[in-house]
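Asks: Got a structure for you, questions after.
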Amino acid sequence: MKSAGGILEIIKRDGNLVPYDRDRISSAIFRAMASLGQGNRAQAEAFSEDVERSLLEAYGAGAAPSVEEIQDIVEETLMTRGAPKIARAYIIYRNQRTQARAARAYSFEAADNIPYKKIYEVLRWNMDHGCDSISNLNALIAGGHFLRLIRESDRRYEEELDQCAGQILSARGLIRLVIIAGPSSSGKTTTTAKLVERLTSGGLGFKALNVDNYFFDLEQHPKDEFGDHDYEAPQSLDLALINEHLRALLAGKTIQAPRYDFKTGKRTLAVEPLRLGADEILLLDSLHGLYRDMTESIPAEQKFRVYIETLGQLRAHDGAFMRWADHRLMRRMIRDSEQRNSRPETTLTHWHYVRRSELKNIIPFITTADFLVNSALPYEIPILKHHVFRYFPEAIARYRQEASRQDAYIRAKRIYDFLGSLSEVADDTCVASDSLLREFIGGSRYET
């Protein structure tokens, strides 16, 4: 909901200019109203229109007010419109956001060791290959160069895995457990399978432990205020049994691994025997692989930790980069629908679990990683758009009026707006069966 005239851009806290969007003001006011158990979206939008008029009066047409200046106007407008309780709720909401940003800034300095050099290299690679922006990506597709981009992107990813496997092989005899960790839908399963191929060809024996089979039965999972089950919390996993089995395996004993059925939400114990040979290592891929309690029974010197993330660098026309979490959300919407009997809309509304768990249970442990893998494939975004773009308009319309679903509304709208001008690719036959993308759209040769 852009301004029809007048305010066109705003200044973010980092100093960058971004397009002005009154809808963001409406959403913030709506959340403040919802915290009081009153009001609706229409009233919030009426307040935001008053805020916009006040902005024009205060700064004039063509001005670019800062975020803080806009928030000051919001507070003042709510007070003058005879809504002091909503104004106070908005002030509380604003202060909470400020504190959360400060906490994230501190934790970033203390715990987030994703190297800027790596991110810069990703951006340079994208620029060199003409896929750093939506307009450039569209030009590649229109010019018939999409297949070349697929091949070059896959080659970059494969070369990165060659480097990772090389480090593991060089430490053979010391490492007993290789952990593939990272946030949801970062590509851990395929990365694990590809590393296994490399380790095998390098003469290193291995066994893989599928942590997904260690989920408790669904009714034992934590629930939120909606009664929804949370697969993202490490407490949804039987951590005690995982550690018991890890100790036994590294001691040369045979375990009876469980099996989990995502369609029924049930776990069956003692299904599959598993044993490590004397010259084999154990491979473990898990969302929470870096979480201390996951492998606390294994000495640190026996572990090699690989962290994987979609470090994509794709810009829209306004210069804003696509968020890594939004990239992974689209992957997961497809995978959950095709493989886990879950509707894409359900994945969208559950995504707040994912982000909350990542910030709590993954980010604080990134400093323990020994190798970082970038799993973002520039060619996949046009393909992902073909699969999921149609779901976002309905989600925007459905959740716009629900105060408790504003997180889903904001995410859906952000992705929809970002991808609006991107050309989609419907034909994915050019994607190889061993591509990481196949883990999400189906047809992977690594699927069992």
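Each reported figure results from applying straightforward, stated rules to the coordinates on display, with no laboratory input. Here the structure is a predicted model, which means the values were calculated and not measured. Cβ sites come from the backbone with ideal geometry, for glycine too, and all protein chains shown count toward neighbours.
Asks: Order these by the 10 Å Cβ neighbour count, fewest first: Ile242, Ile415, Ile10.
Replies: Fewest-to-most ranking of Ile242, Ile415, Ile10: Ile10, Ile242, Ile415.
Asks: I would also like to ask the following. So what's the gap between the Cα centers of segment 378-448 and segment 287-339, to the nearest angstrom?
Replies: What the calculation gives is 16 Å, centre to centre.
Asks: In addition: Determine the calculated [θ] at 222 nm for the chain from helices alone, applying -39500 (n - 2.57) to every DSSP H run no shorter than 4 residues and normalising by the residue count; nearest 500 deg cm²/dmol.
Replies: Helix-only estimate at 222 nm: -16000 deg cm²/dmol.
Asks: Ok, one more. FRET efficiency for Asn95 and Asp50, Cβ-Cβ distance as r, R0 = 22 Å, nearest 0.05?
Replies: 0.50
Asks: Provide Ile298, Ile381 in ascending order of the number of other Cβ atoms located within 10 Å of each residue's Cβ, fewest first.
Replies: Listed from fewest to most nearby Cβ atoms, that is Ile298, Ile381.
Asks: So for each of 125-133, 28-36 I average, over its residues, the number of other beta carbons within 10 Å; can you give me the resulting order with the highest mean first?
Replies: The peptides rank, most packed first, as 28-36, 125-133.
Asks: Run through the DSSP bridge list for segment 117-441 and note the antiparallel percent, rounded to the nearest 5.
Replies: 30
Asks: On to the next question. Nearest 10 degrees, 0 to 90: what angle lies between the long axis of helix 67-80 and the longest principal axis of the chain (Cα atoms)?
Replies: 50
Asks: In whole Hz and in residue order, list the ³J(HN,Hα) couplings for segment 248-253 that follow from phi through the Karplus curve 6.51 cos²θ - 1.76 cosθ + 1.60, θ = phi - 60°; x for Gly and Pro.
Replies: Values, residue by residue: 5, 4, 6, 8, x, 8 Hz.
Asks: Relative to the longest principal axis of the chain, what angle (0 to 90°, nearest 10) does the C-alpha long axis of helix 41-59 take?
Replies: The answer is roughly 70 degrees.
Asks: If packing is taken as the mean number of other Cβ atoms within 10 Å per residue, what is the order of 396-406, 421-431, 351-361, 369-379, highest first?
Replies: Output ranking for 396-406, 421-431, 351-361, 369-379: 369-379, 351-361, 396-406, 421-431.
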